[in-house]
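Written below as structure tokens is the structure these notes are about.
Any read-out appearing in this document is the output of simple, stated calculations on the displayed coordinates, not a laboratory observation. Just so it is clear, the structure is predicted and the values come from calculations on it, not from any experiment. Don't worry about glycine lacking a Cβ; one is built from the backbone with ideal geometry, like all the others, and counts go over all protein chains shown.
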Amino acid sequence: MQIHTTVDDLRSALRRAGKVAFAPTMGNLHAGHISLMQQARQYGECVVASIFVNRLQFGPREDFDKYPRTFETDCQQLRDAGVDHLFAPDESVLYPTPQQYFVTPADAQDSILEGASRPGHFRGVATVVAKLFNIVQPAAVLLGKKDYQQLMVIRNMVRELNMPIEIIGCETIRAADGLALSSRNGYLSAQARTEAPRLYQQLQAIAHAIDIGQRDYASLESTATEHLRQHGWQPDYIAIRRRSDLLLPIDDHQTLVVVAAAKLENTRLLDNLEIV
Ligand code: PAF
């Protein structure tokens with residue numbers, strides 16, 4: 001695997017690389033990221049990953065400074081997964097001067113769910129991802145469904161800005177007890193880690209209730225929210241939404257997803273489940 005820290009170096013290495021499949025990350029890789037790298041091979045002759053902890057997408061009171069940085073072990077995992085090129089710029093490369101041009105997602109996406117809890121987050125994500133796409137020029141990009149709203153924002157950006165990129169949403173990888181893998185799981189104490197699978201269990205309970213005919217979505221959401229509260233969580237939202245745009249479902253003929261974010265101790269966990 002070749003490691004590139006500058007834009008010029010990466011671009012010259014990719015000049016004759018053929019079709020590129022790209023998976024952007026913020027590092028601290030786990031099996032979820034590695035599964036993106038493994039799937040990438042079927043979408044391109046050349047697999048590129050990036051590691052960049054993007055300050056723009058963190059709020060002023062969020063965990064940018066303490067976000068886990070594990071570069072050496074990340075590189076080993078990427079090599080083992082067969083990645084061809086890693087782009088790992090530092091801030092002075094991606095933001096040599098303070099960024100003044102931004103990609104701002106549609107308000108309908110930016111103001112709901114994660115957007116409401118984390119103002120400016122998706123603008124930071126969309127801006128860095130647009131920069132990375134311009135630098136790497138991939139034919140396909142692989143992103144996890146775990147960050148469901150992020151996937152939607154990036155998909156819409158690519159479509160509306162006519163970027164010639166296929167966006168592939170990949171299934172969430174879970175621990176044996178159901179907890180969705182996330183770099184932030186490392187913040188959980190041993191006790192919180194045993195409690196953490198409850199979030200996914202509540203999503204499964206909602207999916208099951210809908211499957212057997214329940215249609216009072218507001219009551220399903222509030223029952224799950226209350227259940228988490230009673231077990232020491234601080235839920236931000238548990239919401240049954242249309243998969244297409246994460247807005248409220250209007251009738252029974254729409255494919256749905258239940259999305260959730262909740263804090264356990266000081267760690268904010270995110271999960272979702274597509275309702276089939
Ligand atoms: O999902 C992530 O790790 C980040 O939001 C991304 C897409 C790499 C942009 O910084």
Rounded to the nearest 10, the angle in degrees between the Cα long axis of helix 31-40 and the longest principal axis of the Cα atoms of the chain comes to 60
In region 67-140, the chymotrypsin sites (Phe, Trp or Tyr not before Pro) that sit in a DSSP loop and have at most 16 other Cβ atoms within 10 Å of their own Cβ are 101, 102
Of the residues 18, 31, 1, the Cα lying farthest along the dipole of region 1-104 towards its positive end, which is defined by charges on the beta carbon of Lys, Arg, Asp and Glu, belongs to 18
Checking 100, 57, 214 against a Gaussian network model of the chain (alpha-carbon springs below 10 Å), the top fluctuating residue turns out to be 100
Computed about the Cα centre, the charge dipole of region 84-145 from +1 Lys/Arg and -1 Asp/Glu charges at the Cβ has a magnitude in debye, to the nearest 20, of 100
Listed by chain and number, the lysines with an alpha carbon less than 25 angstrom from that of residue 19, same-chain partners under 8 positions apart left out, are 131, 145
Across 242, 79, 61, the residue with the highest GNM fluctuation in the chain (Cα network, 10 Å cutoff) is 61
Measuring from the longest principal axis of the C-alpha atoms of the chain, the long axis of helix 198-211 (C-alpha) lies at a number of degrees, nearest 10, equal to 70
Of region 114-145, those with amide N under 11 Å from the point 7 Å along the Cα→Cβ vector of residue 245 are none
Measuring from its Cα centre, the chain shows a charge dipole (+1 at each Lys and Arg Cβ, -1 at each Asp and Glu Cβ) which, in debye to the nearest 20, is 340
Most fluctuating of 129, 259, 93 in the GNM of the chain (C-alpha, under 10 Å) is 93
Answer in debye to the nearest 20: the dipole magnitude of region 131-246 about its Cα centre, from +1 Lys/Arg and -1 Asp/Glu charges placed on Cβ, is 220
Expected unfolding gain across residue 55-residue 107 under the 0.36 nm per residue rule, minus the alpha-carbon gap, is 16.6 nm
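Take the alpha carbon gyration tensor of region 123-276, find the square roots of its eigenvalues, order them as a ≥ b ≥ c, and report rounded if a/c is under 1.5; if not, report prolate when a/b exceeds b/c, else oblate.
Since a/c reaches 1.5 but b/c is at least a/b, the shape of region 123-276 is classed as oblate.
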Here, residue 204 and residue 263, labelled 7 Å along Cα→Cβ, have an inter-label distance in nm of 2.8
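Specify whether the C-alpha gyration tensor of region 131-220 places it in the rounded, prolate or oblate class, a ≥ b ≥ c being the square roots of the eigenvalues: rounded for a/c under 1.5, otherwise prolate if a/b is larger than b/c and oblate if not. Can you show the working numbers first?
On the way: a/c = 3.12, a/b = 1.53, b/c = 2.03.
Oblate shape, in that a/c is at least 1.5 and b/c is the bigger or equal ratio.
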